[in-house]
Structure formats: C-alpha cells, structure tokens
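Q: Handing you this structure, nothing more for now.
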Amino acid sequence: MATVEEALKALEPLRDAGSGKGLLELEWIQQLRLEANRAVFRLALPGFANGQRERIANEARSALLALNGIEDVQIELAPAAAPIGAAGHGQPAPLQAIPGVRKVIAVSSGKGGVGKSTVAVNLACALAQQGLRVALLDADIYGPNAPTMLGVADRSPEVSGSGDSQQLIPIESCGLAMVSMGLLIGPDQPVIWRGPMLNGIIRQFLYQVEWGDRDVLVVDLPPGTGDAQLSLAQAVPMAGVVIVTTPQQVALQDARRGLAMFEQLGVPVLGVVENMSWFSPPDQPERRYPIFGSGGGQTLATAAGVPLLGQIPIELPVQEGGDSGRPVTLAHPESAAAAALQLIARRLLELTSP
C-alpha cells in the first residue's frame, strides 16, 4: 500500500500552467490523506486558476491511481472565499481603491462588434505614449481578445506568493501591464461561468494582481449591461467610462442603454467614441464614405449631455495591428485612426485631471 509521502511525491510534477510552480508549493492541493484504498485531497484554486480545474483534477487522479493499492481518488473542492470587498447581509460593499492605481477608466459598449476592445487597447497605448504608466485589464471574460491584440496570446502570467496571499504578475507588452482571462485558458477553451464566478474573477483581477504604481488602469468591459459592469461599478471608484458605438441605428440603441446604466450606477460618463465613422480609400485619403451612416455618435453624445470624444475611421492598419499584435497607435502612428485615438487620449486626460 502506498504511503502519504509517496502520494505527495507523485503529485510533485503537477504544475500551474501560468507560473510553472508546483501545485503543492502553491498550496492548491491540500490535506492529502489515504483512507483504505482511496486517496483524498482538497483542491483549493484561486479564481484566476479555475480554468485549469479539469486538467489539474485529471492529472492528479491519474498520478494517484498509478500508486500501489490506490483504486479511487476523491477530490474535495475548497469553499469559495467571499469576494474581496463583499459586505454581506445583502448590503453593497464600500468602493475599494486599487493600491498604487491613481485612476480607473472603463471602456464599454452596448453591443458587440463595434470595436470596443480595439479602442480600449489602442487607447491604453495612446495614454502610455503620453508618458503615463498604464495598465490594461481585459474584463471581457467570455471573449478575451486583448492578448491577441498585444501579441502575447502564447504567454501566461506568473503567480507570486502562496496560499491566500497569491497574486498574478501582469504581462508586459507594448508599454502596458496587462491581465486577461485569455492568458489563463487555452485558445479554444470556453468560459462557462455564472454571475457569482464572474464577479469573483473580476474582483481578483482588480485586487489580486501586482499592478504596481500606475497612473491609469484601462478596463475593457464586455458588451452589454450585465454582471461585469455591475461588479466593476460596485467594487472600485472610477474616473469614468467611455461609451463606444458605431454610427448605425442598432448600435446607438444599445449604446443608449449602456450609457443609461452607468448613469444609474453613479459612474461618470466621460464621453462617446464613434468607431468606424467612415472609410477612406488608401489611394484617396481625402474621400470619406460613411458606410455605417453618419452623425450617430454626435446624436448620442448630445442627447446624453456628454462630449463626443472623437471619430475613428475604418483603416486597414487598424485590423492588421489587431491581428499582428502591434496596435495601430504604435505600428502606424501617422495614420488617421491613430491620430484620432491619440486625440481621444488627450481629451480623456483633460477630463480626468484634478
């Protein structure tokens, strides 16, 4: 019959996919014991590692079943910790600032497909070009695209500390410090989570990441008016939110709902960004073709009493930069789209300066 020492030795090779550290060292596998012909242990994963749960469970089960006399493996899941800042008893938690982060600017949209993540990534890069220390939180848990746009989809963040004090170390790219769910799961792995788990991971991304000393944290929110937006608004004080839309009517309808949600939550709406405003042929840059209509962004901004921060044209370098991992503000700073994004960044700095 195998001993506990032999069982621990069998589990030593198991590693966190991000940091490469052993699961025993990280204390993700706890309270290992042998009961007759069965091995029992507790699996205590932090929220950011939940995407690895199935792999870890399968590897641990296989390693233990290979030992002499072990015929069954029982895995106990550690109870989920209360979300950071949770007040309990149905009461909202007080807003909790992120240590070292001076201001938080969220980028949101009412619907998908309007280029919100492209705007968020390039806006973060443009702010960094202004000499600021900038971080980017990709809070689009179900559709994380920032790793691809920043050219780090093949990398994983390391983990510092152990037990309850563990923190993620952001990935550095394009002058930004970035964390995304896309760095913690496989490229084809879906995130199938309900609201409480989503709330937990967003709070961990806010407070259990070594952001360091940052002038601005840009948060790329998922489209819509759901759990992620509510979690962010109820967790951290924000300098404000930017609403991204295209000029077409269906996008404006959803953008109005998103804008109204933040107003109801008491989050300042800094302004509207109109994306895909027109197309200019590369050989005729003076020509403008409003493929998705015109004037929609200004109409939305005027109705809400907020500024139209800028209009971003459709240009091939924007798409190429997103696919190649080199955002247009860095790869083609002379382009019309990059100039528009840099102007938006300057306007945001003016709006959020003390």
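The values are calculated or read from the model by the stated rules, or taken from the named source; none is laboratory data. For clarity, every value in this text was computed on a predicted model and none was experimentally measured. No Cβ is skipped: glycine too gets one built from the backbone with ideal geometry, and neighbour counts run over all protein chains shown.
Q: Provide a single number: the residues in the range 8-45 that are closer than 18 Å to Gln166 by Cα and in a strand (DSSP E or B).
A: 6
Q: Test Val191 against the criterion of being aliphatic (A, V, I, L, M), within 17 Å of the chain's Cα centre (by Cα) and in a loop (DSSP other than H, G, I, E, B), and give yes or no.
A: In short, yes.
Q: Still on this structure, I have one more. Test Ser294 against the criterion of being more than 15 Å from Ala124 (Cα to Cα), hydroxyl-bearing (Ser, Thr, Tyr) and not in a loop (DSSP other than H, G, I, E, B), and give yes or no.
A: Considered against the rule, which asks whether it is more than 15 Å from Ala124 (Cα to Cα), hydroxyl-bearing (Ser, Thr, Tyr) and not in a loop (DSSP other than H, G, I, E, B), Ser294 comes out as no.
Residue by residue, here is whether (1) within 30 Å of Pro247 (Cβ to Cβ); (2) among the aliphatic types (A, V, I, L, M); (3) in contact (Cβ under 8 Å) with a residue 40 or more places away in the chain; (4) in contact with a helix residue (DSSP H, G or I) (Cβ under 7 Å, 6 or more places away or on another chain) holds:
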| position | (1), (2), (3), (4) |
| --- | --- |
| Thr118 | yes, no, yes, yes |
| Ile141 | yes, yes, yes, yes |
| Gln166 | no, no, yes, no |
| Cys174 | yes, no, yes, yes |
| Glu210 | no, no, yes, no |
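Q: I would also like to ask the following. Going by the structure shown, is Ala251 farther than 30 Å from Arg53 by Cβ and crowded, with 24+ Cβ neighbours inside 10 Å?
A: The answer is yes for Ala251.
Q: What pairs come out if I take residues in the range 224-242 that are assigned by TED's automatic domain parsing to the domain that holds Phe205 and pair them with residues that are of a type in the set (Lys, Arg) and surrounded by 18 or more Cβ atoms within 10 Å (Cβ to Cβ) whose C-beta lies under 6 Å away, six or more apart or interchain?
A: From residues that are assigned by TED's automatic domain parsing to the domain that holds Phe205, the pairs are Ala235/Arg203; Ala239/Lys103.
Q: Of all residues being of a type in the set (A, V, I, L, M), in contact with a strand residue (DSSP E or B) (Cβ under 7 Å, 6 or more places away or on another chain) and in a loop (DSSP other than H, G, I, E, B) in the range 109-141, which is surrounded by the most Cβ atoms within 10 Å (Cβ to Cβ)? Just the residue, please.
A: Ala139
Q: Looking only at the range 224-275, filter to residues that are on the phi > 0 side of the Ramachandran plot and not in a strand (DSSP E or B); which one of those is farthest from the chain's Cα centre (by Cα)? Show your work before the answer.
A: Let us first name the residues in the range 224-275 that are on the phi > 0 side of the Ramachandran plot, namely 224, 240, 266, 271.
Retained after the next criterion (residues that are not in a strand (DSSP E or B)): 224, 266.
Details: Gly224: 15, Gly266: 22 Å.
So, considering only residues that are on the phi > 0 side of the Ramachandran plot and not in a strand (DSSP E or B), the one farthest from the chain's Cα centre (by Cα) is Gly266.
Q: Considering Arg347, Arg326, Arg288, Arg256, which residue is among the charged types (D, E, K, R), at pLDDT 90 or above, closer than 23 Å to Val219 by Cβ and in contact with a strand residue (DSSP E or B) (Cβ under 6 Å, 6 or more places away or on another chain)?
A: Arg347
Q: Same structure again: In the range 142-174, what residues are touching a strand residue (DSSP E or B) at 6+ places or on another chain (Cβ under 7 Å) and farther than 21 Å from Arg203 by Cβ?
A: Of everything in the range 142-174, those that are touching a strand residue (DSSP E or B) at 6+ places or on another chain (Cβ under 7 Å) and farther than 21 Å from Arg203 by Cβ turn out to be Leu150, Gly151, Val152, Arg155.
Q: Mind telling me which of the residues Leu176, Leu95, Leu132, Leu150 ends up being outside the structural domain of Pro313 (by TED's automatic domain parsing), farther than 16 Å from Gly18 by Cα and aliphatic (A, V, I, L, M)? Lay out the reasoning, then the answer.
A: Details: Leu176 fails: outside the structural domain of Pro313 (by TED's automatic domain parsing); Leu132 fails: outside the structural domain of Pro313 (by TED's automatic domain parsing); Leu150 fails: outside the structural domain of Pro313 (by TED's automatic domain parsing).
Answer to the selection: Leu95.
Q: Related question: Can you spot a residue in the range 32-42 that is in contact (Cβ under 8 Å) with a residue 60 or more places away in the chain and under 25 Å from Glu71 (Cβ atoms)? So that I can check it myself, show each step before the final result.
A: The first filter runs over the range 32-42 and keeps only residues in contact (Cβ under 8 Å) with a residue 60 or more places away in the chain, leaving none.
Within the range 32-42 (the criterion being in contact (Cβ under 8 Å) with a residue 60 or more places away in the chain and under 25 Å from Glu71 (Cβ atoms)), the answer is no, since none of the residues qualifies.
Q: Among the residues of the range 300-311, write down those that are touching a strand residue (DSSP E or B) at 6+ places or on another chain (Cβ under 9 Å), in contact (Cβ under 8 Å) with a residue 24 or more places away in the chain and not in a loop (DSSP other than H, G, I, E, B).
A: Once the filter is applied, which keeps residues that are touching a strand residue (DSSP E or B) at 6+ places or on another chain (Cβ under 9 Å), in contact (Cβ under 8 Å) with a residue 24 or more places away in the chain and not in a loop (DSSP other than H, G, I, E, B), the range 300-311 yields Leu300, Ala301, Ala304, Leu308, Leu309, Gly310, Gln311.
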